[in-house]
Amino acid sequence: MIYSRNRRLRTSPAIRNLVRETTLTPHDFVMPMFIIEGENQQEAIPSMPGIYRRSIDLAVKECKALFELGIMAVNLYMKVPDGLKDNTGKEAWNPNGLMQRAIKAIKSAIPKMVVMPDVALDPYSIYGHDGIITNGQIDNDATNIALAQMAVSLAEAGADVVAPSDMMDGRVKVIREALEENHFHHVGILSYAAKYASSFYGPFRSALDSAPKDFQEIPTDKKTYQMDFHNSREAYNEVFKDIEEGADIIMIKPGMPYLDIVAKIRAEIDLPIAVFNVSGEYAMLKAAAQNGWLDNDKAIIESLTCIKRAGADMIFTYAAKEAAMIMQ
Ligand code: PBG
């Protein structure tokens, strides 16, 4: 005789709802957005169907639509014109830069929206690196000083949370100190603590034209600062150091192929965990759906729910708006 029948709790939608362990809501999402100069400009990104680069006015309009759908946080990236790129990244802390103007515009139109700009030099770098180059090397400590200036400038523009995505050592501490010195006690740091050197960032880099450039001896990948995807114990070291340095939220990135890391870190820390469902994950899903090989809506909801089940408190995802619309 079989007494233990697990199927009893799967017999109807109502009973499945009762025993459901993970639920997804639009409040879990952070929408990444790409901003360009101009007015009334909207450019499609071929490898990311449904995602656009938008001028500030249209980005503000989009933010209003997101907010109405329950998505109350955005993560901002700039497409920097080539003429403004150099090796110092100084455009990143131009008080009148595109990022600073975008933050101000969004915060003044929708003050309740949590605005989380990216903090990293790659879109501003002629080399396409997240760091300043000194003698052919990514210069960790010089980069940290630049990142701190950038973070303060974004806080001045009205950022709620700054999100360093560069993986330099010690930058959370340097950024925290700079924010405190400038009286931005309330501005949080979401640290990309365990960010892997991943091929899944391809569509993002083409959207911003920010991929590492081929300059003789300078590496064309980010393996000297982003993590090696063969490793998982190393992630603890990265996460614990960033917490010690003052991070408020810990990011693990990419998402779906890295959910083992999410689950392991979840078991060890009580700080909120953010997971980035990155551009390449989105591109794969969209390509399969466009071919009729996957059910777009079901695959989106399943992917995001599984990221949450693994331990994410919040999910950065290009599918945020679509997911919120599907869930309505
Ligand atoms: C760069 C940055 C990257 C992403 C976010 N910030 C790319 C990289 O590290 O090269 C990737 C996001 C995505 O692929 O969706 N600081």
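The values are calculated or read from the model by the stated rules, or taken from the named source; none is laboratory data. Source: prediction; values computed, not measured. Reconstructed Cβ throughout: ideal geometry from the backbone, glycine too, with neighbour counts over all protein chains shown. Surface areas here come from the heavy atoms of the whole protein model, side chains and all, with no ligands, DNA or RNA. Shrake-Rupley method; radii C 1.70, N 1.55, O 1.52, S 1.80 Å.
Taking GluC sites (Glu not before Pro) as exposed when their DSSP state is a loop state and no more than 15 other Cβ atoms lie within 10 Å, the longest site-free interval of the chain runs over 40-216. Taking Cα atoms only, the orientation of helix 140-157 departs from the longest principal axis of the chain by about 80 degrees. Percent antiparallel among DSSP beta bridges with both residues in the chain, to the nearest 5? Of all bridge pairs located within the chain, approximately 20 percent are antiparallel.
In this structure the chain gives 46 Å² per residue of accessible area when probed at 1.4 Å with all protein chains present. Counting only alpha carbon atoms, the long axis of helix 259-268 and the longest principal axis of the chain meet at about 90°. At an R0 of 25 angstrom, the distance between the Cβ atoms of residue 291 and residue 326 translates into a FRET efficiency of 0.80.
Considering only beta bridges that DSSP places wholly inside the stretch 181-328, some 5 percent are antiparallel. Among the protein heavy atoms, those of residue 192 account for about 0 Å² of accessible surface (1.4 Å probe, every chain in place).
For residue 33, the amide hydrogen comes within under 5 Å of the amide hydrogens of 75, 76, 77, counting only partners 5 or more places away or on other chains and with H modelled in the peptide plane.
Per-residue 3J(HN,Hα) values for the stretch 303-310, derived from phi via the Karplus relation 6.51 cos²θ - 1.76 cosθ + 1.60 with θ = phi - 60°, read 4, 5, 5, 5, 5, 5, 4, 5 Hz in sequence order (x marks Gly and Pro). Taking only Cα atoms, what is the 0 to 90° angle, nearest 10, from helix 98-109's long axis to the longest principal axis of the chain? Long axis of 98-109 versus the principal axis of the chain: about 50 degrees. What translational D, rounded to a whole number of µm²/s, comes out for the stretch 23-327 from Stokes-Einstein when the hydrodynamic radius is the Kirkwood one over Cα pairs, at 37 °C and 0.692 mPa s? Stokes-Einstein gives a translational diffusion coefficient of 171 µm²/s. Among the protein heavy atoms of the stretch 23-327, carbon and sulfur supply 53% of the accessible surface, probe 1.4 Å, non-protein parts ignored.
Per-residue ellipticity at 222 nm, computed for the chain from helices alone with -39500 (n - 2.57) per DSSP H run of at least four residues, works out to -11500 deg cm²/dmol.
Explain nothing, just the number: relative contact order of the chain, from Cα pairs under 8 Å at least 6 residues apart, as a whole percent.
Numbers: 613 pairs, mean separation 59.1, N = 328.
Contact order relative to length: 18 percent.
Loop-located trypsin sites (Lys or Arg not before Pro) across the stretch 144-237 with a Cβ neighbour count of 15 or fewer within 10 Å are 213, 223, with loop assigned by DSSP.
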